[in-house]
Amino acid sequence: MRPRDLIELLLLSVLWGAAYLFMRAAVPAFGPAPLVALRLGLAALLLLPVMLWRGGLPVLRAHPLPLIVLGVPFTALPFMLLAFASLHITAGLVAVLNATAPLFAALIAHYALKERLGAWRAAGLAIGFAGVAALMWGNATFKSADGALAVLAVLVCSLLWALGANYTRKHLAGADSVVITVGSLLAASLFLAPFAWASWPAQNPSPRAWAEMAFLGVASSGIG
């Protein structure tokens, strides 16, 4: 691994790790649908010029259906589940539970796509699930009576992201990653826009909440 790769991975971990804290802080002010629609729409607008500069528009037009599928059930819905969960459990618990996404992805690749796990990978999966269980054990803090439902929501989110990762490998192999990102974000934000409009909070979010939303859109979903 090159030093640049390590630096980028560490930066990515900061941007994505902080997203759980910022979502937990902002979602009470906006509500799940408005926050997620704004976050994903802002990220799409940020990356759209990059995609156009890289000549990705023909690729975007060539894959409308796969990008819509990736954008709605595998992007919009998981983020909505995360936002809902953030209302009822702590950001730390959401982050730990969401760490199961790559574990689910490996299982799906093995059973659905017939990719061989091998002894070492199987052991790694077992250790990963055990680690998530150990971190949760005795530390699950629920903020409402819907805490158990929120835990289930995060696990479903992880499963959907795992399915989405395998769907991308199968149906969008070779496509520019920026095109895939912009297409899925646009589809997700447009799909959520009517729900965001219908559930917009009666009291306008505070400047701090807007700043938290901007961090989620620009830093976590855009730059990340």
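The values are calculated or read from the model by the stated rules, or taken from the named source; none is laboratory data. Keep in mind that this is a model prediction, so the values were computed, not measured. Cβ sites come from the backbone with ideal geometry, for glycine too, and all protein chains shown count toward neighbours. Note: accessible area is taken over every heavy atom of the protein model, side chains too, but ligands, DNA and RNA are not part of it. Shrake-Rupley method; radii C 1.70, N 1.55, O 1.52, S 1.80 Å.
What helices (runs of 4 or more DSSP H) completely inside the stretch 69-118 contain at least 1 residues that are among the polar types (S, T, N, Q) and closer than 28 Å to residue 183 by Cβ? Full working, then the answer.
Numbers: elements: 77-86, 91-98, 101-111.
Fully inside the stretch 69-118 and qualifying: 77-86, 91-98.
Which of the residues spanning the stretch 146-198 are assigned to a loop (DSSP other than H, G, I, E, B) and free of Cβ contacts under 8 Å to residues at least 40 places away in the same chain?
The initial filter retains those residues of the stretch 146-198 that are assigned to a loop (DSSP other than H, G, I, E, B), namely 146, 172-176.
Within the stretch 146-198, 173, 174 meet the criteria.
With the condition kept exactly as written, say whether any residue in the stretch 27-34 is in contact with a helix residue (DSSP H, G or I) (Cβ under 6 Å, 6 or more places away or on another chain), farther than 16 Å from residue 185 by Cβ and aliphatic (A, V, I, L, M).
Within the stretch 27-34, one or more residues are in contact with a helix residue (DSSP H, G or I) (Cβ under 6 Å, 6 or more places away or on another chain), farther than 16 Å from residue 185 by Cβ and aliphatic (A, V, I, L, M).
Quick one: what pairs do we get from the stretch 39-63, first residue over 28 Å from residue 83 (Cβ atoms), second outside any helix (DSSP H, G or I), C-beta under 7 Å, 6+ apart or different chains?
Filtered contacts from the stretch 39-63: 54/176; 56/176; 59/175; 59/176.
Applying the selection to the stretch 178-197, what residues are out of contact with any helix residue (DSSP H, G or I) (no Cβ under 6 Å at 6 or more places or on another chain) and open to solvent by 90 Å² or more (accessible area, probe 1.4 Å)?
190, 197
Anything in the stretch 157-177 that is under 24 Å from residue 218 (Cβ atoms) and open to solvent by less than 20 Å² (accessible area, probe 1.4 Å)? List them, or say none.
Result: 157, 164.
So is residue 94 β-branched (Val, Ile, Thr), in contact with a helix residue (DSSP H, G or I) (Cβ under 6 Å, 6 or more places away or on another chain) and surrounded by fewer than 24 Cβ atoms within 10 Å (Cβ to Cβ) or not? Write out each step before concluding.
Numbers: β-branched (Val, Ile, Thr): yes; in contact with a helix residue (DSSP H, G or I) (Cβ under 6 Å, 6 or more places away or on another chain): yes; surrounded by fewer than 24 Cβ atoms within 10 Å (Cβ to Cβ): no.
No.
So, residue 205, is that one in a loop (DSSP other than H, G, I, E, B), exposed (fewer than 14 other Cβ atoms within 10 Å of the Cβ) and in contact (Cβ under 8 Å) with a residue 12 or more places away in the chain or not?
Working: in a loop (DSSP other than H, G, I, E, B): yes; exposed (fewer than 14 other Cβ atoms within 10 Å of the Cβ): no; in contact (Cβ under 8 Å) with a residue 12 or more places away in the chain: yes.
For residue 205, the condition - in a loop (DSSP other than H, G, I, E, B), exposed (fewer than 14 other Cβ atoms within 10 Å of the Cβ) and in contact (Cβ under 8 Å) with a residue 12 or more places away in the chain - is not met.
Can you work out which of the residues in the stretch 182-205 that are modelled with pLDDT under 95 and polar (S, T, N, Q) is farthest from the chain's Cα centre (by Cα)?
203
Six or more apart or on different chains, Cβ atoms under 7 Å: show the pairs whose first residue is in the stretch 4-26 and farther than 23 Å from residue 38 by Cα and whose second is in a helix (DSSP H, G or I) and among the aromatic types (Phe, Trp, Tyr).
Within 7 Å, no pair qualifies.
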